[in-house]
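Note sheet for the following structure.
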Amino acid sequence: LLERIYSLCTQAKLNWQIRARNTDSKSQIQADFGKGLLEFYQDEKGLDKFAKQSVLSSLVMFESFIHLPWDPTKGESITVDENGKPIQAGDQDIQILTPFSVARPINQTTNPYYILELKGNKYDLAALYPQFEQEIINAPQPEMSELKNEQLVTPYNSTMHNEDDDVIQYHLFYHPRTPALPQGRETLIIGDTVIYDKPLTYQKIPVVISRRKEEIS
(Lines give C-alpha, C1' and ligand atoms only; values in the text may rest on other atoms or scores of the structure.)
Protein backbone atom coordinates (compact mmCIF):
# COMPACT_ATOMS: atom_id res chain seq x y z
CA LEU A 1 0.00 0.00 0.00
CA LEU A 2 2.78 2.39 0.91
CA GLU A 3 4.69 1.61 -2.25
CA ARG A 4 1.56 2.31 -4.32
CA ILE A 5 0.99 5.66 -2.60
CA TYR A 6 4.65 6.51 -3.01
CA SER A 7 4.47 5.74 -6.73
CA LEU A 8 1.37 7.92 -7.19
CA CYS A 9 2.98 10.82 -5.34
CA THR A 10 6.32 10.76 -7.13
CA GLN A 11 5.63 9.49 -10.66
CA ALA A 12 5.47 13.03 -12.11
CA LYS A 13 8.50 15.28 -12.19
CA LEU A 14 8.41 18.02 -9.60
CA ASN A 15 7.54 21.42 -11.03
CA TRP A 16 9.11 24.06 -8.83
CA GLN A 17 7.64 27.54 -9.09
CA ILE A 18 9.73 30.64 -8.39
CA ARG A 19 7.73 33.82 -7.85
CA ALA A 20 8.99 37.32 -7.17
CA ARG A 21 7.44 39.03 -4.17
CA ASN A 22 7.85 42.43 -5.78
CA THR A 23 7.26 43.64 -9.34
CA ASP A 24 10.49 45.60 -9.80
CA SER A 25 13.05 44.50 -12.38
CA LYS A 26 15.60 43.37 -9.78
CA SER A 27 13.10 40.97 -8.21
CA GLN A 28 12.16 39.58 -11.61
CA ILE A 29 15.81 38.98 -12.47
CA GLN A 30 16.33 37.21 -9.15
CA ALA A 31 13.27 35.03 -9.79
CA ASP A 32 14.59 34.06 -13.23
CA PHE A 33 17.96 33.24 -11.68
CA GLY A 34 16.27 31.14 -9.00
CA LYS A 35 14.36 29.17 -11.62
CA GLY A 36 17.55 28.41 -13.51
CA LEU A 37 19.32 27.44 -10.30
CA LEU A 38 16.56 25.01 -9.34
CA GLU A 39 16.60 23.44 -12.80
CA PHE A 40 20.37 22.98 -12.47
CA TYR A 41 19.99 21.23 -9.10
CA GLN A 42 17.22 19.06 -10.50
CA ASP A 43 19.21 17.97 -13.55
CA GLU A 44 22.76 17.92 -12.20
CA LYS A 45 22.45 17.42 -8.43
CA GLY A 46 19.49 15.02 -8.23
CA LEU A 47 17.25 17.32 -6.19
CA ASP A 48 14.12 15.35 -7.16
CA LYS A 49 15.73 12.12 -5.91
CA PHE A 50 16.14 13.56 -2.42
CA ALA A 51 12.57 14.86 -2.45
CA LYS A 52 11.32 11.37 -3.32
CA GLN A 53 13.41 9.86 -0.54
CA SER A 54 11.80 12.27 1.89
CA VAL A 55 8.31 11.26 0.69
CA LEU A 56 9.07 7.57 1.25
CA SER A 57 10.49 8.18 4.71
CA SER A 58 7.44 10.28 5.63
CA LEU A 59 5.05 7.54 4.48
CA VAL A 60 6.77 4.84 6.52
CA MET A 61 7.78 6.79 9.62
CA PHE A 62 5.24 9.64 9.53
CA GLU A 63 8.08 12.18 9.44
CA SER A 64 11.18 12.93 7.46
CA PHE A 65 13.83 15.61 7.92
CA ILE A 66 15.75 17.29 5.12
CA HIS A 67 19.07 18.72 6.25
CA LEU A 68 20.35 21.42 3.89
CA PRO A 69 23.77 22.60 5.11
CA TRP A 70 26.24 24.56 3.05
CA ASP A 71 29.35 22.42 2.44
CA PRO A 72 32.49 24.56 1.92
CA THR A 73 34.48 21.51 0.76
CA LYS A 74 32.33 21.02 -2.36
CA GLY A 75 32.17 22.92 -5.61
CA GLU A 76 34.93 24.04 -7.93
CA SER A 77 38.40 24.95 -6.73
CA ILE A 78 38.75 28.75 -6.81
CA THR A 79 42.18 29.31 -5.25
CA VAL A 80 44.75 27.80 -2.87
CA ASP A 81 45.75 28.68 0.67
CA GLU A 82 49.24 29.51 1.95
CA ASN A 83 50.04 25.79 2.13
CA GLY A 84 48.98 25.13 -1.45
CA LYS A 85 45.78 23.37 -0.42
CA PRO A 86 42.85 24.01 -2.79
CA ILE A 87 40.01 26.19 -1.52
CA GLN A 88 36.61 25.20 -2.88
CA ALA A 89 33.75 27.52 -3.80
CA GLY A 90 31.32 25.47 -1.67
CA ASP A 91 27.99 23.93 -2.64
CA GLN A 92 24.63 22.95 -1.20
CA ASP A 93 24.53 19.59 0.54
CA ILE A 94 21.30 17.60 0.96
CA GLN A 95 20.76 14.88 3.56
CA ILE A 96 17.58 12.92 4.30
CA LEU A 97 17.19 11.90 7.95
CA THR A 98 14.56 9.78 9.68
CA PRO A 99 13.06 10.58 13.11
CA PHE A 100 15.57 8.15 14.64
CA SER A 101 18.37 10.58 13.77
CA VAL A 102 16.79 13.85 14.91
CA ALA A 103 16.18 14.97 18.50
CA ARG A 104 13.96 17.98 19.06
CA PRO A 105 11.31 19.30 21.48
CA ILE A 106 8.15 17.68 20.13
CA ASN A 107 5.78 19.93 22.12
CA GLN A 108 7.44 23.15 21.02
CA THR A 109 5.90 24.49 17.80
CA THR A 110 7.98 27.67 17.53
CA ASN A 111 11.74 28.09 17.57
CA PRO A 112 12.59 24.41 18.04
CA TYR A 113 16.19 23.30 18.37
CA TYR A 114 17.58 20.22 16.63
CA ILE A 115 20.26 17.67 17.46
CA LEU A 116 21.16 15.71 14.33
CA GLU A 117 22.87 12.34 14.41
CA LEU A 118 25.07 12.19 11.31
CA LYS A 119 27.74 9.91 9.91
CA GLY A 120 30.93 10.66 8.02
CA ASN A 121 34.37 9.39 7.08
CA LYS A 122 36.65 9.89 10.06
CA TYR A 123 39.69 10.64 7.92
CA ASP A 124 37.87 13.35 5.98
CA LEU A 125 36.64 14.87 9.25
CA ALA A 126 40.15 14.71 10.71
CA ALA A 127 41.48 16.53 7.66
CA LEU A 128 38.87 19.27 8.14
CA TYR A 129 39.68 19.68 11.84
CA PRO A 130 43.38 18.73 12.18
CA GLN A 131 43.62 20.14 15.71
CA PHE A 132 41.31 17.30 16.82
CA GLU A 133 42.78 14.60 14.59
CA GLN A 134 43.39 11.96 17.26
CA GLU A 135 40.02 12.49 18.95
CA ILE A 136 38.24 12.09 15.61
CA ILE A 137 40.25 9.04 14.52
CA ASN A 138 39.53 7.34 17.87
CA ALA A 139 35.83 8.23 17.92
CA PRO A 140 33.56 5.17 18.29
CA GLN A 141 31.71 3.68 15.37
CA PRO A 142 27.90 3.69 15.42
CA GLU A 143 26.40 0.53 16.85
CA MET A 144 23.64 0.49 14.23
CA SER A 145 23.55 2.19 10.84
CA GLU A 146 20.77 4.52 9.80
CA LEU A 147 18.28 2.69 7.62
CA LYS A 148 19.01 3.13 3.95
CA ASN A 149 16.22 4.52 1.82
CA GLU A 150 15.69 1.21 0.03
CA GLN A 151 15.26 -0.54 3.40
CA LEU A 152 12.45 1.66 4.66
CA VAL A 153 9.54 -0.44 3.42
CA THR A 154 11.15 -3.80 4.32
CA PRO A 155 13.89 -2.85 6.78
CA TYR A 156 14.55 -6.32 8.18
CA ASN A 157 15.72 -8.07 5.04
CA SER A 158 19.38 -7.09 5.35
CA THR A 159 22.02 -6.52 7.97
CA MET A 160 21.76 -3.50 10.24
CA HIS A 161 25.41 -3.38 11.25
CA ASN A 162 27.90 -0.91 9.97
CA GLU A 163 30.17 -2.41 7.32
CA ASP A 164 32.57 0.50 6.88
CA ASP A 165 35.30 0.80 9.51
CA ASP A 166 36.04 4.38 8.42
CA VAL A 167 32.56 5.67 9.22
CA ILE A 168 31.93 7.34 12.57
CA GLN A 169 28.91 8.95 14.16
CA TYR A 170 28.80 12.59 15.20
CA HIS A 171 26.23 15.13 16.34
CA LEU A 172 25.32 18.60 15.10
CA PHE A 173 23.29 20.94 17.31
CA TYR A 174 21.28 23.88 15.97
CA HIS A 175 19.53 26.44 18.16
CA PRO A 176 17.57 29.33 16.60
CA ARG A 177 17.95 32.98 17.55
CA THR A 178 15.73 33.70 20.54
CA PRO A 179 15.57 36.43 23.23
CA ALA A 180 17.51 34.09 25.54
CA LEU A 181 20.05 33.23 22.81
CA PRO A 182 20.08 36.21 20.41
CA GLN A 183 22.88 34.84 18.21
CA GLY A 184 21.59 31.28 18.10
CA ARG A 185 23.97 28.36 18.43
CA GLU A 186 25.67 25.80 16.22
CA THR A 187 27.76 23.05 17.81
CA LEU A 188 29.59 20.07 16.34
CA ILE A 189 30.41 17.15 18.65
CA ILE A 190 32.41 14.10 17.57
CA GLY A 191 32.63 11.40 20.21
CA ASP A 192 33.08 13.30 23.47
CA THR A 193 34.90 16.23 21.84
CA VAL A 194 33.33 19.59 21.02
CA ILE A 195 34.84 20.47 17.64
CA TYR A 196 33.28 23.93 17.49
CA ASP A 197 30.66 25.93 19.33
CA LYS A 198 29.70 29.19 17.64
CA PRO A 199 26.78 31.50 16.79
CA LEU A 200 24.34 30.18 14.19
CA THR A 201 25.83 30.81 10.75
CA TYR A 202 22.51 30.51 8.88
CA GLN A 203 19.66 32.97 8.66
CA LYS A 204 17.39 30.11 9.73
CA ILE A 205 18.10 26.54 10.78
CA PRO A 206 18.70 24.43 7.62
CA VAL A 207 16.30 21.65 8.59
CA VAL A 208 12.93 21.08 6.88
CA ILE A 209 10.30 18.66 8.22
CA SER A 210 8.17 16.54 5.91
CA ARG A 211 5.16 14.93 7.58
CA ARG A 212 2.54 12.39 6.65
CA LYS A 213 -0.69 14.21 7.48
CA GLU A 214 -3.18 11.37 7.66
CA GLU A 215 -2.92 7.80 8.87
CA ILE A 216 -3.54 5.05 6.37
CA SER A 217 -6.31 2.69 7.46
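So what J values fall out for the range 182-195 if you push phi through Karplus, 6.51 cos²θ - 1.76 cosθ + 1.60 with θ = phi - 60°, rounded to Hz, Gly and Pro as x?
Those phi angles translate into x, 9, x, 8, 9, 9, 10, 10, 10, x, 9, 9, 7, 6 Hz.
Summing Lys, Arg as +1 and Asp, Glu as -1, what charge do residues with Cβ under 15 Å from the Cβ of T178 carry, T178 excluded? All intermediate terms of the calculation are to be shown ahead of the outcome.
Numbers: positive: R104, R177, R185, K204; negative: E186.
For residues surrounding T178, the net value is +3.
Ignoring everything but the protein chains, give the 1.4 Å probe accessible area of D81 in square angstrom, nearest 10.
50 Å²
Testing the spin-label approximation: label points 7 Å from Cα along Cα→Cβ at L2 and T178. State their distance in nm.
3.2 nm
Using θ = phi - 60° and the Karplus relation 6.51 cos²θ - 1.76 cosθ + 1.60, list the HN-Hα couplings for the range 8-16 in order, rounded to whole Hz, with x at every Gly or Pro.
5, 6, 10, 5, 8, 5, 5, 10, 6
Net charge around G90, counting only other residues with Cβ within less than 10 Å of its Cβ (Lys, Arg = +1; Asp, Glu = -1)?
Around G90, the surrounding residues sum to -3.
Hey, can you grab everything whose amide H is under 5 Å from the amide H of I87? Only 5+ residues off in sequence or another chain; H modelled, so Pro and N-termini drop out.
Amide H neighbours of I87, under 5 Å, 5+ apart: I78, T79, V80, D81.
Can you give me the % of accessible surface on the chain that is carbon or sulfur? Probe 1.4 Å, all protein chains present, nothing else counted.
In the chain, the share of accessible area belonging to carbon and sulfur is 51 percent.
Quote to one decimal, in nm, the extra length available between I106 and K45 on full extension: 0.36 nm per residue of separation minus the C-alpha distance between them.
Length difference between fully extended and current span is 18.8 nm.
With a 1.4 Å probe and all protein chains kept in place, how do K26, K74 rank by accessible area, largest first?
From most accessible down to least: K26, K74.
Rounding to the nearest 20 debye, state how big the charge dipole of the chain is about its Cα centre with +1 on each Lys and Arg Cβ and -1 on each Asp and Glu Cβ.
1180 debye
Rank these residues by their accessible area, most exposed first, probe 1.4 Å: L2, L37. Write out the running numbers ahead of the final one.
Numbers: L2 45, L37 80 Å².
Result of the area sort, largest leading: L37, L2.
Note down the net charge around I195, summing +1 for each Lys or Arg and -1 for each Asp or Glu among other residues with Cβ under 12 Å from its Cβ. Mind dumping the intermediate values first?
Numbers: positive: K198; negative: E133, E135, E186, D192, D197.
Once positives and negatives cancel, what remains is -4.
Quick one: which residues, 5 or more positions from R185 or on another chain, have an amide H under 5 Å from its amide H? H modelled 1.01 Å from N in the peptide plane, none for Pro or chain starts.
H175, L200
When a/c reaches 1.5 or more, the comparison of a/b and b/c decides; with that in mind, is the chain rounded, prolate or oblate per its Cα gyration tensor?
rounded
For the range 17-59, what is the accessible area per residue in Å² when the probe is 1.4 Å?
For the range 17-59, the solvent-accessible area averages 72 Å² per residue.
Put a dot 7 Å past each Cα toward the Cβ at E117 and Y129; how far apart are the dots in nm?
In this crude label model, Y129 to E117 measures out at 1.8 nm.
The values are calculated or read from the model by the stated rules, or taken from the named source; none is laboratory data. Small disclaimer: the values here were computed from a predicted structure and weren't measured. Counting neighbours? That spans all protein chains shown, and the Cβs are built from the backbone with ideal geometry, glycine included. Areas reflect the complete protein model, heavy atoms only, side chains present, ligands, DNA and RNA absent. Shrake-Rupley method; radii C 1.70, N 1.55, O 1.52, S 1.80 Å.
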